[in-house]
Each structure stands twice: as structure tokens, then as C-alpha cells.
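Read-outs throughout are calculated quantities, based only on the coordinates presented, and are distinct from any laboratory measurement. Keep in mind it's a predicted model, so treat the numbers as computed, not measured. Cβ placement follows ideal geometry from the backbone for every residue including glycine, while neighbour counts extend to all protein chains displayed.
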Amino acid sequence: MRTLEYLRPATPADAVRAVAEHPGARYLGGGTNLVDHLKLGIAAPELLVDVSRLPLDEVETYDDGSGAGLRVGANVRNSDLAAHPLVRSELPLVARALLAGASGQIRNQATTGGNLLQRTRCVYFQDPTTPCNKREPGSGCSAIEGYGRYNAILGASPDCVATHPSDLAVALVALDTTVVVLGADGERRVPLEELHRLPADDPSRDTRLAPEDLVTAVEIPLAGATKLSTYRKVRDRASYAFALVSVAAALHLTEGIVTDVRIAWGGVAHVPWRARRAEAALIGHALTEQAIREAVGDELRHAETSEQNAYKPPMLRRTTAHTLLQLAAQSREESR
Amino acid sequence: MSVEQQTTPVRVRSIGTHLDRVDGVAKVTGRAPYAVEHGEADGVVDPLHLWLVQSTVAKGVVVDVDTESARDHPGVIAVLDHASAPRLAESDDGELAILQEPTVHFRGQIVALVLAETSEAAREGAALVNVSYDVEPHEAELREDNASYRPDSVNPDMETDTEEGDVDAAIAAADIVVEQTYRTAYEHNNPLEPHATVAWWDEEDGREILSMFDSSQGVHGVAQTLAPMLGLEVDQVRVRAPYVGGGFGSKGEAHAHVMATALAARTVRGRPVKLAVTRQQMFALTGYRTATISHVRLGAGADGRLAAIEHRVQEQSSALKEYAEQTASPTRMMYAAPHRRTSHRLALLDVAVPSWMRAPGEMPGMFAHEVAMDELAVECGLDPIELRIRNEPELDPETKKPFNNRRLLDCFRRGAERFGWSSRPAHARATQDGDWWVGTGVASATYPAMRMPGNAARVRSLGAGRYAVAIGSVDIGTGARTVLTQIAADALGVEPGAIDLAIADTRLPPASVAGGSSGTSSWGSAVVAAAQRFRADHGEHPDPGVETTASAADDPQADELAFHSFGSVFAEARVHRWTGEIRVPRLLGVYSVGRVINPTTARSQFIGGLVMGLSAGLFEESYRDARFGHMVTQDLASYHVASHADVLDIDAEWLEESDEVFTPMGSRGIGEIGIVGTAAAVANATYHATGMRVRSIPITPDRFLES
Ligand SMILES: Cc1cc2nc3c(=O)[nH]c(=O)nc-3n(C[C@H](O)[C@H](O)[C@H](O)COP(=O)(O)OP(=O)(O)OC[C@H]3O[C@@H](n4cnc5c(N)ncnc54)[C@H](O)[C@@H]3O)c2cc1C
């Protein structure tokens, strides 16, 4: 039997200290991802620091001077967050993204922090009998010429084509969410868009966080565009499957002209992908299918596909167009 | 001791009624023990735990097994490899003859075993075993250009090829020709309960006895397979399987893990050994359905009447042990045509051993044939049901015998009425509902009716009007325990509550496997034979303790007829015009299967089959990475089966009928027909919705992106 230590710290600061002092330590949230990894033999921590009982489970509004927002504690369960009245009324895309993920049982267990930091579902990452640079740096990437249906099309490298699997992260990155991190040197705020990193030549690192960095909360601005928003996930079966592609979108139209738009994609990259170029191309224009297709094409100009994921650019184009046009129709409905 | 008894039709009372599952309460309260759960009460005292070490190369030779650090691990008792494992008396079956030689035949093959005091220690011990190999190049990819080996026969013992008339000339002369290639994916059975075995060796009257609990579809088959390999008489192996959480064919025969447990237990005589196979290991060790490539040619007159049917199949087997799926077999008997040809060719690959999966042959074969028929209907401008009416044969096209009870067209008529078929637009891509293209499709279903030899049952009087009825058959979750109780009650003329049924033990009278949709027919006929003989011998008021063991004699008429069940499947499909997502809001199957013994359990078989067919049509695919040689989708997150949200309005019904030529109960089999034709009906509905023809399953959203 492989034994490991288990620690339940009393405060966030104790948790950070415990991990900082112990190189083989990992935080444990709901455990729905990490415990699988222990069983598969792809993670072998010597110490589990269980942060799931720290009092980081509030959902509250804040106003930091630059505007109002919603602060969500790292331990808020996915199911609780999706059901929260403010999330449902002000941030519908967050609720939809959560409910499009995993299963009821897993969402009851999964935490906000753990969800953002879950690791790729690439089948080779999960199979220790095959090479994988993310699991075993330098061993090679099996996915590039292997099972490629879920492979990244943007920002991949010759060392890794894995995608980030979280739906919640895609919704939150569209909303300019900030991540509150407690590290060895105290608290800091990191834009979610900068939390995850592209694989480049070191796919073993998913994020820019240090091992002892503890996510304590996320702060989601409640800006104008967010109310008219949605999350559209395309997958092989109707439920309980990871995205082939997904689109988080928020839209504000003024007299038919796009004055604010947010687009983020899931299933396309090692990070939740904020389509800033596509957004910029749409601002100031009327929202037509043609305009959306061109904007998406612009964002995808460096997309690289292989036979098995060649479907992703057209699927993204169509799904993004469908999602934005639906929001526009909803906007017209509401202003009538 | 067992006599053969000519049966007469049973007077039905309980048969045909909704008797609740007799083991339902035990199951839902968790008191029904599954294989790995057996404990002291069943003689499983102080067990050791086994873990499998699997090859990480697809072909080669094991040159060294370093067991030192594994053996040093606390709790580990022993490590067995090809040098140290007990020798087998027979080793012709390459799948089961594990650890007899250093050769590696496929990735995932068992190359060592670790025995330990706990499951955790065994698992960690297995991780610490270091195996080195001389690696040889392997071939693990099925292609059209490497599937050319002609097997001597196809599963179970059918002709490999058939030919009648002149297909090429008939195709050349046909008004309309459909010539297409259809593909089905690798599929894994994935029963809910993973395979598991408990085994121990001891002595009884001076003879070695191997006792097992095994999650199996047929305990006698396991004993008959293992005994000679272990140098034992069959009665030295006792196998029990009181509760089994599904099998879908993957538990129909013993696989390598069963032998692994028996061998490991032999080295620790007296102590039971438990093995629970993991979900990931099931993708390499417990069988699967081969991918298939079907080259179909149909030649017809302008009126749709078929002149020629050709179905050439390419598929794969393992080079280690041959298994040839009988994919073209339903094509041989389905529709009339004077000119016909079928064939099967295999690629023999360095891969895991395929085996039975629900409706082997019929499922992939009818996908190909029934999509081709839909294409022919479109080419002829005919309604697809009308096309089938025009090609209904008088006699079985294969054997030229009359069909016992072919009611395919009745199934279509009833289904059409229920489904509202008459309002269907003739053309594809004619209906849009919001963002969804909407269409409907049909397909035929068929499955042979089989009764297996080698079954017997025992009836014993318990006094006070109660009877003990025994047969070694297994209830794999289908409801066999319940329907056998009903059959026994009616055959004896008593209430179901007066029957004490014992099953799933090789010490009971022999029973054939729960497979081929033959279980209830085979076992039920034996139960009827024993009951009728018992009454003949002991009368209506038997003394307590008197008993009769009997088997059913074949009906002399049976040789003159072709026995098959039939069905029609209707599907509605919606395809999202932007994203390509597919939904099947309605699915209906109508079946002709003889008399239904218990509508509750039968419905669950049909619906389960329909769901599995839907799942094969839209989701299921095991992806083998040919570079490595193993399936890399090896859990239920990456191997998709239909979720609840995918199963919408789904229903099954059956024609009221009774087939007393086939069995004294009037029933045929029902376990597999639900999966047959279903994927084709769904595929045909997606065509009707979108006008886009997809010829391979699973049909995924990316197939419907036009730009
Ligand atoms: C079958 C299946 C299907 C799924 N489908 C989907 C899906 O469709 N969409 C989707 O988005 N997700 C899906 N998931 C993933 C699921 O959402 C994640 O497993 C879950 O959100 C992880 O949360 P957790 O709290 O259980 O994380 P854990 O497993 O506890 O932790 C995950 C990682 O985060 C780290 N961590 C946890 N908390 C903190 C913290 N506060 N600070 C720093 N590090 C931390 C851990 O060390 C670990 O590395 C699925 C999972 C399964 C098993």
C-alpha cells in the first residue's frame, strides 16, 4: 500500500505554510479530479492538505471602487454556485456553464477552486503506460499523432496538444474574472485570463501558480453586458461529456450595433480561450452571421488542426454565430 | 439419472403476468452478493487479493520480470510470472493459457500476478514489478488492405462465405444499384459490474476441488473450460454466480482473469483469492466487438424488387485466438433475392481477443444492410416500409425452409400505426423545427431463435404443495430467476410462491450459457420437461423428497422450420442545424418473439436493447491507438454510453402470439433483438432529417457541419 499524510489545516495561512514546507504536498478540494489521479497512478503526493473545510464558502457582493462584483469563495460547490440566486439572475452564463459540466453528484462535490485547477482529460495524460510530456516531462506527446478528437487547435506546441477541460473557467474568463490567491508572500490578485498558461516547452505546468499558492476566491465583475449572456456547449452526448467545443458569450447592442461583446471558447486550447480578436472585430458593427464568421476566422487564423480535430474550426464558427445571434434576438425581444 | 422428456405446451397462468422480480428486494437493499463480495458465510475466509500486471508492449518476449521490490512491499505474499506460475495440463487456448511462456501477443496481456494481504498492497506490488521485453514490431490496425484471411467458419459455427446464383450478372442487369461501404466501431460491452472472481482450492474425499465465485453468464461453461486446462475432471471445479451485474456477452466465456485467479489460488492452497478487474483492465482483457467494414451491393428492379444482395465483410480478430464475428449472417435470411453472396475476411492482429457482444453478427451486419436498404428506397422513390414489403421472402432464403413464424410485416404495420408513419414527408430535409432538422427512419430487426443442448432441471417435492426446482443457469440481471419461477409454477400447476428455485451452481443440473437469447428457451424447456415428467412419475400429491431430473427432447418438427424472431424499429432524429448535435426524441421497437413470459422483465430487455443500439449509433467507440496496440479510451468518461438525457421517449411493444413449436412455453428469445437494427433506424432518421447520409457509426455532431 502507498501511504500518504493527510492534513486538515485550521486557516488558509496554515494551509499555505504546510504546502510551502513540504515539496510533495498537494491541496485537496472536492477530490473529484485529484483522487482519480491518485488511483490512476498519475499523481503521488506525499501529503494531502485538505482545504475543502476552510471557511471559503461564501458568495457575496463587493464593490471595490471600480465597480460591483460577486466574490465566490474557493470552496463554494459547483452545484451551490449554479443555484445561487445572484448567479442565476446576473450571471446566467456561469450557471449554465456549471450545469453543463460533469454530473449532479460530481457538481455536489466539486469546488470552485478545484474546478478551475482540474487537469486535462487527454487520454494519454491519464494512461501512465504511454508517453506524455505533461505527466512525464521529456517523454514525448502521444496525442499529436494519436487519438486527436479533443486535441487543441489554438496555442498548442510540438510538446503538447492538450485542452483545458473546465466549463466554468470558460464562462469566468469571458467575464474578466480575477482570482484571489494566497501565497507565501501574502494575498495577490491574478486575472483569470493569466492564470492558465499555454504549454510551450513545459506542458507539465498548467498554470502560473506556485505549488503553495492557494486559491481563496474568484471575483466576478457585474458589468453591463453580463446579463445578456449564455454558455453553449457542444458535445457528443446530451449530458455528462466534455466539450467538443464550447462558447461563452455576453453581448450588449445599442441600436443594433455591438457596443460590448465577450467571447470565450472551451475545448480549443490549453487555456480557457478568450477570443479578444474576434471581439474587437465585432465592436462597432452590426451583428450579422457574416460578420461573426469573419471575426471568428480572424481569431482562428493560427489554428492548427489534424484529421481528427479538423471539425473544430467549422464547429466553432457555427456555434459562435448561433450563440451570438441568439443573444441578439433576445436583446431585440427585451428592448421591444 | 436424467431422463429425456417430450414436452407438451404449458397451460399458462403466471406466464404472461407481471410477477415482480423475485430477487428485487435483495438487490435494491444490497443484500444480494456479487462475486467479489462473498465472505465468510459463503466459505470465503481470510482471502488474499490479486492484482494483474499487464504487458506494456504489443508483441515481443518477456526477458526479465524483476519482482524484488514488489516482494519486499509490505503485505505482498507472492509474485507469479511465466517462470513461476503453475503449469497447465492443456494450453491450446491462447487467451486462457496465461503465464505458460514468455511470449507477448498483445498490449495489456497478463504477464505477472501479485498476491497480497490487501487489495491496496497487491495493487502497489503490481506497480513495483518491473518487466523487460524484447520488443517485436506489431500490427494493430484494421484496414481494407490487411483483412484478407478467410476463417474456416464464423461465430458460432456458420459458413464463412455463401453464394447463390450470379450476383455480378444480376447487378450488371439491375435497374438500380446501391453500392456502399459501411463501418461500425470497436465497442466494449461494459456491464455495470466489472468482472470478478474468487477462487480457492481444497480437498473433498481425497480429491482436489477448485471452488469459485465468478461473475459469469454460464457457470458450467467456466468449469468445462477450466477443468481440462488445470488437469481436473469437470466435477472437481465448482463455480457459482448467484448474482451478476450484466455481461452483454463479455461474461459468456471465461477470460484470462478467471484463469489467473485459479492459478494464483493454486499456489496458496486453502486460502481464497479475490480478483476484481478494473474498468480500465476490461478494455484489454474481457472481450469486445470488432470494428467491421461492410461492402454492400444491392441490385434491384425499378420497382425495388431485389435481384441481388451482396455483403462482403472485413473485420479483425486477435492473432492469439480466432473469433470471427458473423456480421453478414442476417443478410443471408433477411430479404428475397435470387442472387446472393456473403463473405467474411479477417485481419489477424496483435491485439486483445474479441468475443461476444450483444447480438454478435446481427448488430453490425444489420446496421450495414438496413442503411443500404434505406438508400435503395431513396433510389427507387419508395417508402422504406413498402420496399421491405416488396422483398418479403416466401421461404427462408438461406435454408429454403418455411419460417416458423415470420411476422416482420406485422411489426412494421403496428409500428407505423403507433409511430404515425403515414404523415412522414417522402423527401429528406423537409422538416425544420426551430434550429433543428427533423426526420424519421425505420429498420428491420431480426434474431435467430435458439435452444441449446445440454440442459436439465430437477424438481423435488418439499411437501405441503411446495417444490424445489433446480437448474445451474445464471441470472445476469435479466430476470431469469423470476421467469423460471413462473415457468416452473405453471408447469407444475402451482403458484409461483410455492417454488423454491435454485440456480447458478455447477452442482445443480447442467445449463447452457445466458447468451444467444437462448437462455429462457433452453432452461425453461428443461424446467417444463422436469415438471411434466415429475407429475407423470409422482402424480399431483407427491411424497416429500421424491424428485425427477429431466431434459427436454427436441420437437421433431423443429428440423423442418427456420426459427427467427423479427421486429421493426422506428426512430425520430433531430439534428441541430448550427452545431450538428443529434437527439433522438422518439424510439419505438415492435417485436414478434413468441409469447412474452413476464412483460416487466421483457420490457426492460427490449428497452435496454434499444438504448444500447441508440448508444452504438451515436456514441460508443473504443479508440485503439495502433502505435501502442491498445484502446486508449478506457474508462466511462472517454467511452461514451447513452446518458439519461439521451434516452427520451423510448418504448417497445410486442405482438400477442405463442410459438409452441419452438418451446412448451410458447416463447422465443428476447435478449438481443432490441439492439439489432436500432443504429440503422437512427442513421436513417438523421438522413431523412438532413439529407446527409452517414455510413459509419457512431454518428457524431461533426458529421453534420456543412461548412
Ligand atoms: C466523469 C467526469 C466528468 C466530468 N465532466 C466535466 C465537464 O463536463 N465539465 C467540467 O468543467 N468538468 C467536468 N468534470 C471535472 C470536475 O468539474 C472537476 O473534477 C471538479 O471541478 C474538480 O473540483 P474538486 O474540488 O473536486 O477538485 P480536486 O480534485 O480536489 O482538485 C483539483 C486540483 O485543484 C487543486 N486545488 C483544489 N482546490 C484548490 C485551491 N483552493 N487552491 C489551489 N489548488 C486547489 C488540487 O490540488 C488539484 O490539483 C468531470 C469530472 C468527472 C470525474
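Projected onto planes of every orientation and averaged, the convex hull of the alpha-carbon atoms in the protein assembly as shown covers 43.7 nm².
How large is the charge dipole for chain A, taken about the Cα centre, if only the Cβ atoms of Lys, Arg (+1) and Asp, Glu (-1) carry charge, to the nearest 20 debye?
960 debye
The distance linking the stretch B:52-67 with the stretch B:236-283 is 22 Å (Cα centroid to Cα centroid, whole angstrom).
Residues B:459, B:62, arranged from fewest to most other Cβ atoms within 10 angstrom of their Cβ, appear as B:62, B:459. How many times 2.2 N^0.38 Å is the alpha carbon radius of gyration of the stretch B:410-519? Relative to the 2.2 N^0.38 Å estimate, the stretch B:410-519 comes out at 1.74. Taking label positions 7 Å along the Cα-Cβ direction at both residue B:202 and residue B:558, the computed distance is 4.0 nm, reported to one decimal.
Using C-alpha pairs under 8 Å with a sequence gap of at least 6, the mean separation divided by the residue count of the stretch A:229-335 gives a relative contact order of 25 percent.
Between the C-alpha center of the stretch B:561-584 and that of the stretch A:8-87 there is a gap of 45 Å. The reciprocal of the average 1/r between distinct C-alpha atoms defines the Kirkwood hydrodynamic radius, which for chain A equals 20.4 Å.
Dividing the C-alpha radius of gyration of the stretch A:123-265 by 2.2 N^0.38 Å, with N its residue count, gives 1.21. Overall size of the stretch B:640-707 from C-alpha positions, given as principal axis extents largest first: 59, 25, 18 Å. Normalised by the number of residues in chain A, the mean separation of alpha-carbon contacts (under 8 Å, six or more apart) gives a relative contact order of 17 percent.
Computed over the stretch B:564-611, the quotient of the alpha carbon radius of gyration and 2.2 N^0.38 Å is 1.50. Among A:159, B:410, sorting on how many other beta-carbon atoms sit within 10 Å of each Cβ, with the fewest leading, yields B:410, A:159.
Projecting the Cα atoms of B:457, B:34, B:302 onto the dipole axis of the protein assembly as shown, where Lys and Arg carry +1 and Asp and Glu carry -1 at the beta carbon, places B:302 farthest toward the positive end. Residues B:150, B:407, arranged from fewest to most other Cβ atoms within 10 angstrom of their Cβ, appear as B:150, B:407. Treating each Cα of chain B as an identical point scatterer and summing with the Debye formula, the log10 of I(q)/I(0) at q = 0.06 Å⁻¹ comes to -0.36. Extension gain for residue B:649 to residue B:45 (0.36 nm times residue separation, less C-alpha to C-alpha distance): 212.6 nm. Over the stretch B:261-310, what portion of Cα pair distances is larger than 16 Å, expressed as a whole percent? Taking all Cα-Cα pairs of the stretch B:261-310, the fraction more than 16 Å apart is 70 percent.
Dipole check for the stretch A:229-335: with +1 at the C-beta of Lys and Arg, -1 at the C-beta of Asp and Glu, and the Cα centre as origin, the magnitude is about 320 Debye.
In whole angstrom, the stretch B:209-332 maps to an equivalent ellipsoid with semi-axes of 42, 15, 13, each derived as √(5λ) from the alpha carbon gyration tensor and ordered largest first.
Rounded to the nearest whole Hz, the Karplus-based 3J(HN,Hα) values (6.51 cos²θ - 1.76 cosθ + 1.60, θ = phi - 60°) of the stretch B:304-317 follow the sequence x, 6, 6, 9, 9, 10, 10, 9, 10, 10, 10, 7, 10, 9, with x at glycine and proline. Taking a threshold of 32 Å on the Cα-Cα distance, which of the pairs A:39/B:59; A:312/B:321; A:233/B:59; A:39/B:27; B:321/B:400; B:59/B:274 fall above it? Violating the 32 Å Cα-Cα cut-off are A:312/B:321; A:233/B:59; B:321/B:400.
Taken along its three principal axes, the alpha carbon spread of the stretch A:229-335 comes to 42, 31, 22 Å, from the longest extent down to the shortest. Counting only C-alpha contacts under 8 Å and six or more residues apart, can you give the relative contact order of chain B as a whole percent? It rounds to 18 percent for chain B.
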